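Only one structure is covered here, and it is reproduced in the block below.
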Amino acid sequence: TRRRWRNVGIGLLALSLVLGVVEIIGFGGFAWFPAIVGITLASLMIQDTTTRVRAHNVVTARWEAINNGVNTEHAALYSFLANNGAPFRRAPLVEKINSVQDHFDWLRAHGGTSERTPVRLTELAYQHYNEVIMSILAAGERGESLNGLGDLASQSFALLSQAINKNLARRQEELAGFVTRVDERNAALQVLATMAVTVDIGVCLVSSFI
C-alpha cells in the first residue's frame with residue numbers, strides 16, 4: 001500500500017511536469033495543474049503519514065500499558081513477600097493478577113498480523129508469571145514458608161520483562177524505519193515538486209510574452 005501511494009504521487013507529479021511542458025509549447029490550458037497537484041499530493045501524503053503514525057502509537061501504547069501493569073503487579077508481589085505473606089498485602093496482590101490481560105486481548109484482535117506472534121509469546125510468559133504468583137499465594141494460605149519463592153518469581157518476572165522490552169524496542173525500530181522511509185519519499189517528491197514549480201513559472205513567463 002505504501003509503495004502504491006508513493007508511485008501514484010510520483011506519477012501525478014510527473015504528469016504535472018508533462019502538462020506544464022505541453023503548456024509551454026502551446027497546447028495550453030494546464031498552467032494551473034502543477035500547483036494543484038502539488039498541494040493535493042502534499043495533503044494526501046501528510047494525511048497518510050499522520051494516520052499511520054497514529055495507528056502505530058495506539059498499538060505501542062498497549063505494550064506500554066502491559067509494561068506498566070506488569071511492573072505494578074510485581075511491586076505488589078514484592079511487598080507481599082517482603083511482609084512474609086501478610087494478609088493486608090494479599091488483597092492488593094490478588095487484585096493485580098491478570099490485570100493486563102485485556103491489553104493482550106486487544107493486541108491479538110486489533111494489532112494486526114505483525115503482532116500475533118509477539119503477543120502470543122509474551123502472553124505465555126505472562127501466564128507463567130501469574131501461575132507462579134498463584135502458587136506463592138497458595139503456599140501462603142497453607143502457612144508454608146515463602147523463602148526461596150521470591151527467586152522463582154524474580155526469574156519468571158525477568159523473562160517476562162525481557163519479552164516486553166524486546167517488543168517495545170521493536171516498535172521503536174519500526175517507527176524509526178517508517179520515518180526514514182517518509183523522509184526519503186519526501187526528498188524525492190521535493191525534487192519533483194521543485195521541477196513542477198519551475199515549469200509552472202516558465203509557463204507564466206512564456207504566457208506573458210504571447
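Name all residues of region 69-89 having a backbone nitrogen under 18 Å from the label point set 7 Å from the Cα of ASN147 along its Cα→Cβ direction, giving them as ranges.
The answer is 81-86.
Let me know the Rg and Dmax you get for region 74-135 when you use only its Cα atoms, in Å.
14.2, 44
Take the Cα gyration tensor of region 58-166, multiply each eigenvalue by 5, square-root it, and list the three semi-axes largest first, rounded to whole angstrom.
28, 13, 11
Solvent-accessible area per residue for region 44-146 at a 1.4 Å probe radius, Å²?
Here the per-residue accessible area is 55 Å².
For an R0 of 41 angstrom, estimate the FRET efficiency from the Cβ-Cβ distance between ILE97 and VAL53 and round to the nearest 0.05.
0.75
Could you give the nm distance between label points at THR117 and SER79, where each point is 7 Å from its Cα heading toward the beta carbon?
With each label placed 7 Å out from Cα toward Cβ, I get 3.9 nm.
Over region 45-151, with every protein chain in place, what whole percent of the accessible area is carbon and sulfur at 1.4 Å, could you tell me?
Carbon plus sulfur share of accessible area: 52 percent.
Spin-label point model (7 Å from Cα, Cβ direction): what's the ALA61 to THR180 distance in nm?
Once both label points are built, they end up 2.7 nm from each other.
The values are calculated or read from the model by the stated rules, or taken from the named source; none is laboratory data. All figures in this text were calculated on a predicted structure; none of them were measured in a lab. FYI the Cβ positions are ideal-geometry reconstructions off the backbone, even for glycines, and counts take in every protein chain you see. Accessible surface areas use protein heavy atoms only, side chains included; no ligands, DNA or RNA. Shrake-Rupley method; radii C 1.70, N 1.55, O 1.52, S 1.80 Å.
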